[in-house]
1. May I ask you to verify whether Y150 is over 17 Å from F289 (Cβ atoms) and either open to solvent by 50 Å² or more (accessible area, probe 1.4 Å) or without any contact (Cβ under 8 Å) to a residue 60 or more places away in the chain (or both)?
2. Please verify whether H266 is open to solvent by 30 Å² or more (accessible area, probe 1.4 Å) and either in contact with a Gly (Cβ under 9 Å, 6 or more places away or on another chain) or modelled with pLDDT of 90 or more (or both), treating the condition exactly as stated.
3. Tell me, which residue of region 356-381 that is touching a Leu at 6+ places or on another chain (Cβ under 6 Å) and not in a helix (DSSP H, G or I) is nearest to H253 (Cα to Cα)?
4. Which condition breaks for T157 when tested against (1) in contact with a His (Cβ under 9 Å, 6 or more places away or on another chain); (2) assigned to a helix (DSSP H, G or I)?
5. Looking only at residues that are touching a residue at least 40 places away in the same chain (Cβ under 8 Å) and aliphatic (A, V, I, L, M) in region 100-130, which one is most open to solvent (accessible area, probe 1.4 Å)?
6. So which of A89, A65 ends up being among the aliphatic types (A, V, I, L, M) and over 23 Å from Y136 (Cβ atoms)?
7. Could you count how many residues in region 62-83 are among the basic types (K, R) and assigned to a helix (DSSP H, G or I)?
Amino acid sequence: MEEPLCCCEYVDRRGERNHLAACCCDCEDLDEGCERWLTCKSLPPGALERIAETVADRVRVPWFAGAVKVNVSLVPPLVLLPVLLHVAALHFLLGLVVLTSLPVVVLWYYYLTHRRKERTLFFLSLGLFSLGYMYYVFLQEVVPRGHVGYSQVVTLTCGLILMLAALSRAKKDPGYLPIPASDVKSSHQGLPNKSVRGSSNGLHGITVSGAASGRAVNGEAKGYSRMSAEEPEGVKKDWCTKCQLVRPARAGHCRLCGRCVRRLDHHCVWINSCVGEQNHQAFILALSFFMLTSVYGITLTLHTVCRDRTPFVALFYCPGAYSDYSSALSFTCVWYCAIVTAGMGYILLIQLLNISYNVTEREARLALRDNTGRRLLGGLVIDTGQYNRGFLCNWGHFLNLGSSPPQHSAEDIV
């Protein structure tokens, strides 16, 4: 009988017992890579991937029953964000360079993971740590100046708590369709299921499987589609070749999650989950609370750092912002929050417009691909016309999403 693992031991990806103290030992790929780099030789194919896998496997923290693996994508935001913001607070030009490069780096990493078809916790970690760090700076640098009242701190804190509560709800089941019994049985038998794999990590990580050949399966919408009275009769269902089931109308397969989701809107990297029928309302609520809390926090900080100026003017003209390091750090964080808020505001705007026209992000992209939709409001929204029943009816439909559980039918699962 093997001895139990101590707090610093673990079983590595090769199934061998290892120790945290040996994390820098026995790494032939890294040694070879360094040697080739020093001798100006190219790396063999797959060397970088093997080095990355080895590093990811060895980044662990001690725990009671053995060292626990830490997701590498969680580390960069925790380290780089405070360092870069403190560097940006040293001088106006440094702030300009850092605050310009940060969005560029985040977008570059988004497109990199999207192209490599990977799932990552980087964006969720960045979002949550940004919230925590901005709140910390607000309490440490802004509140002690005495211009922010107790009630204002309580209001900001309540907004943050409500936003996190809505985010927690948005992270739950987006409305996954049940896995067919045949797939569950095969997984219990240990058979690899190669038809489902994560692939794209972006705001629109979706695919339409069997769209050309599967739309005529089972003719009319039944089963899951009975839950929505607004669905027109004769809407076809899709056969998903990956999940091996018949999708109800408006459902879609997320390649990243490897599951079909009812009324799939998109896969959001900021919550590391799909947005579908069951969590779309919570997603909109989390975005709304974030916008209100962020704007309120920015206003309070600017009123403290730049006295006798309106928030909008102070954001672009605040002569005393770099008079001391505390003011510079607060002003830098304000600009960081403003950039993030502008991006989230755009996402919220698109979501509200889509809801007003009763169209999902997935349906809009499919309509653009098939040239079946109309661009409205300067291209901000794509009206497919299929489910649009007017502004009030569309919002009534959205507010009733997930209010009644779907009725499962044997015809829907094959």
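1. So Y150 fits the description; yes.
2. In short, no.
3. Within region 356-381, the match that is nearest to H253 (Cα to Cα) is V381.
4. Among (1) in contact with a His (Cβ under 9 Å, 6 or more places away or on another chain); (2) assigned to a helix (DSSP H, G or I), the lone unmet condition for T157 is (1).
5. Only one residue tops the list, namely L121.
6. Working: A89 fails: over 23 Å from Y136 (Cβ atoms).
Just one listed residue meets the conditions, A65.
7. 0
Table: residues versus (1) acidic (D, E); (2) more than 30 Å from V269 (Cα to Cα); (3) over 24 Å from the mean Cα position of the chain (by Cα).
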| position | (1), (2), (3) |
| --- | --- |
| F316 | no, yes, yes |
| D324 | yes, yes, yes |
| T332 | no, no, yes |
| W335 | no, no, no |
| A338 | no, no, no |
| G343 | no, no, no |
| I347 | no, no, no |
| A364 | no, no, no |
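The values are calculated or read from the model by the stated rules, or taken from the named source; none is laboratory data. The structure displayed is predicted, hence computed values, not measured ones. Cβ: placed from backbone, ideal geometry, glycine included. Neighbour counts: every protein chain shown. Protein only, heavy atoms only, side chains kept; ligands, DNA and RNA dropped before computing areas. Shrake-Rupley method; radii C 1.70, N 1.55, O 1.52, S 1.80 Å.
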